[in-house]
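A.B. asks: Below: one structure in structure tokens.
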Amino acid sequence: MSSTLLTDTRLYALLKRCDEDLARTIREAGCRCCGGVLHSARYRRKPRGLSPGGTAQEHWRMSFCCARDLCRKRATPPSLRFLGRRVYLATAVVLASMMRCGATPVRVRRLEELIGVSRRTVKRWQQWWRCLLPRSPFWRGAGAQLCEPVVTSDLPRSLWDRFRGDGEQRLLSLLRFLSPLTGGTRI
Ligand SMILES: [Zn+2]
């Protein structure tokens, strides 16, 4: 299941549309500081973790800048595709970290073949999930949204298990849950 989602181009297109909706909401709200009009200040990303067809496309991180000369405040909407500055797509950071739970050499090799991610990188992501994320201010706030606390030593699997639906629906819910981390703008 997870490996199918990892390279699903239709899913990527869906996440891109979600990002466009989030960006529209931010843009329509105007500048947070002065209420001014926001202009596009998007920037290019070259994410890893895409299917071979996906790497040929151009990828943009949506972002805006206030049009008023004395303000120029930047507003970057949350994203379901880009998890902060990580070079890999958020989908890969979630799914690969889960696949390594009880990883067999075969699974690790399959991951490398699919999206070119190394065992060392996945290990780093897992440290982030299990050690850094639970200590973040985001987590303290977001944890309150969950009915009961999740087992942090089993992240992201324990979080995944909290959401309902099939793999795609759970992934979308999880990415939405994390999205305030990605742009610095809570909406
Ligand atoms: Zn402004």
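The values are calculated or read from the model by the stated rules, or taken from the named source; none is laboratory data. No experiment lies behind these values; they were computed from the predicted model shown. Cβ: placed from backbone, ideal geometry, glycine included. Neighbour counts: every protein chain shown. The area values use the complete protein model at the heavy-atom level, side chains included, leaving out ligands, DNA and RNA. Shrake-Rupley method; radii C 1.70, N 1.55, O 1.52, S 1.80 Å.
A.B. asks: Can you pull out every residue in the stretch 159-185 that is small (Gly, Ala, Ser) and surrounded by fewer than 18 Cβ atoms within 10 Å (Cβ to Cβ)?
C.D. replies: If we filter the stretch 159-185 for residues that are small (Gly, Ala, Ser), which is where we start, we get 165, 167, 173, 179, 183-184.
Of everything in the stretch 159-185, those that are small (Gly, Ala, Ser) and surrounded by fewer than 18 Cβ atoms within 10 Å (Cβ to Cβ) turn out to be Gly165, Gly167, Ser173, Gly184.
A.B. asks: I need the full set of residues from the stretch 27-51 which are closer than 18 Å to Leu83 by Cα and among the hydrophobic types (A, V, I, L, M, F, W, C), in order please.
C.D. replies: Listed by number, the list holds a single entry, Leu50.
A.B. asks: Here is a list: Arg110, Arg85, Arg68. Which entry is of a type outside the set (Ser, Thr, Tyr), in contact (Cβ under 8 Å) with a residue 12 or more places away in the chain, open to solvent by 40 Å² or more (accessible area, probe 1.4 Å) and not in a helix (DSSP H, G or I)?
C.D. replies: Numbers: Arg110 fails: not in a helix (DSSP H, G or I); Arg85 fails: in contact (Cβ under 8 Å) with a residue 12 or more places away in the chain.
Of the residues listed, the single one that is of a type outside the set (Ser, Thr, Tyr), in contact (Cβ under 8 Å) with a residue 12 or more places away in the chain, open to solvent by 40 Å² or more (accessible area, probe 1.4 Å) and not in a helix (DSSP H, G or I) is Arg68.
A.B. asks: How many residues, within the stretch 144-157, are buried (at least 16 other Cβ atoms within 10 Å of the Cβ), over 16 Å from the mean Cα position of the chain (by Cα) and not in a loop (DSSP other than H, G, I, E, B)?
C.D. replies: If we filter the stretch 144-157 for residues that are buried (at least 16 other Cβ atoms within 10 Å of the Cβ), which is where we start, we get 150, 152, 155-157.
Adding the requirement that they be over 16 Å from the mean Cα position of the chain (by Cα) leaves 150, 152.
Narrowing further to those that are not in a loop (DSSP other than H, G, I, E, B): 152.
Residues that pass the stated criteria total 1.
A.B. asks: Ok, one more. Step by step: first the residues of the stretch 71-82, then only those that are open to solvent by less than 40 Å² (accessible area, probe 1.4 Å), within 16 Å of the ligand (Cβ to nearest atom) and in a loop (DSSP other than H, G, I, E, B), then the one that is nearest to Ser179 (Cα to Cα). Which residue is that?
C.D. replies: From the stretch 71-82, those open to solvent by less than 40 Å² (accessible area, probe 1.4 Å) are 75-82; that's our starting set.
Those left that are additionally within 16 Å of the ligand (Cβ to nearest atom): 75-77.
The next check asks that each one be in a loop (DSSP other than H, G, I, E, B); those that pass are 76-77.
Numbers: Thr76: 11, Pro77: 9 Å.
If we take residues in the stretch 71-82 being open to solvent by less than 40 Å² (accessible area, probe 1.4 Å), within 16 Å of the ligand (Cβ to nearest atom) and in a loop (DSSP other than H, G, I, E, B), then Pro77 is nearest to Ser179 (Cα to Cα).
A.B. asks: Additional query: Of all residues in the stretch 113-122, which are open to solvent by less than 90 Å² (accessible area, probe 1.4 Å), under 13 Å from Val93 (Cα atoms) and part of a helix (DSSP H, G or I)?
C.D. replies: Restricting attention to the stretch 113-122, the residues satisfying the condition of being open to solvent by less than 90 Å² (accessible area, probe 1.4 Å) are 114-118, 121-122.
Those still in the list that are under 13 Å from Val93 (Cα atoms) too: 115-118, 121-122.
Matches in the stretch 113-122: Ile115, Thr121, Val122.
A.B. asks: If Trp128 satisfies every condition in (1) among the hydrophobic types (A, V, I, L, M, F, W, C); (2) open to solvent by less than 20 Å² (accessible area, probe 1.4 Å); (3) closer than 27 Å to His59 by Cα but one, which is the exception?
C.D. replies: Unmet for Trp128, out of (1) among the hydrophobic types (A, V, I, L, M, F, W, C); (2) open to solvent by less than 20 Å² (accessible area, probe 1.4 Å); (3) closer than 27 Å to His59 by Cα: (2).
A.B. asks: What number of residues in the stretch 121-172 are of a type in the set (Ser, Thr, Tyr) and in contact with a helix residue (DSSP H, G or I) (Cβ under 7 Å, 6 or more places away or on another chain)? Break it down stepwise before answering.
C.D. replies: Here is the first cut: in the stretch 121-172, the residues of a type in the set (Ser, Thr, Tyr) are 121, 136, 152-153, 158.
Next, only the ones that are in contact with a helix residue (DSSP H, G or I) (Cβ under 7 Å, 6 or more places away or on another chain) stay: 152-153.
Counting residues in the stretch 121-172 that are of a type in the set (Ser, Thr, Tyr) and in contact with a helix residue (DSSP H, G or I) (Cβ under 7 Å, 6 or more places away or on another chain) gives 2.
A.B. asks: Applying the selection to the stretch 44-88, what residues are closer than 24 Å to Ser158 by Cβ and in contact with a Phe, Trp or Tyr (Cβ under 7 Å, 6 or more places away or on another chain)? Before the answer, list the steps.
C.D. replies: In the first step, residues of the stretch 44-88 are kept if they are closer than 24 Å to Ser158 by Cβ; the result is 49, 78-84, 86, 88.
Of everything in the stretch 44-88, just one residue is closer than 24 Å to Ser158 by Cβ and in contact with a Phe, Trp or Tyr (Cβ under 7 Å, 6 or more places away or on another chain), namely Gly49.
A.B. asks: Let me ask something else about it. Please name all residue pairs, on different chains or six or more residues apart, with Cβ atoms under 6 Å, provided the first residue is in the stretch 122-148 and is touching a residue at least 24 places away in the same chain (Cβ under 8 Å) and the second residue is surrounded by fewer than 13 Cβ atoms within 10 Å (Cβ to Cβ).
C.D. replies: From the stretch 122-148, the pairs are Arg130/Ser153.
A.B. asks: Restricting to the stretch 45-69, name every residue that is among the small types (Gly, Ala, Ser), under 19 Å from Arg10 (Cα atoms) and more than 19 Å from the chain's Cα centre (by Cα). Break it down stepwise before answering.
C.D. replies: We begin by selecting, within the stretch 45-69, every residue among the small types (Gly, Ala, Ser); these are 49, 51, 53-54, 56, 63, 67.
Adding the requirement that they be under 19 Å from Arg10 (Cα atoms) leaves 49, 51, 53-54, 56.
Gly53, Ala56, listed by residue number.
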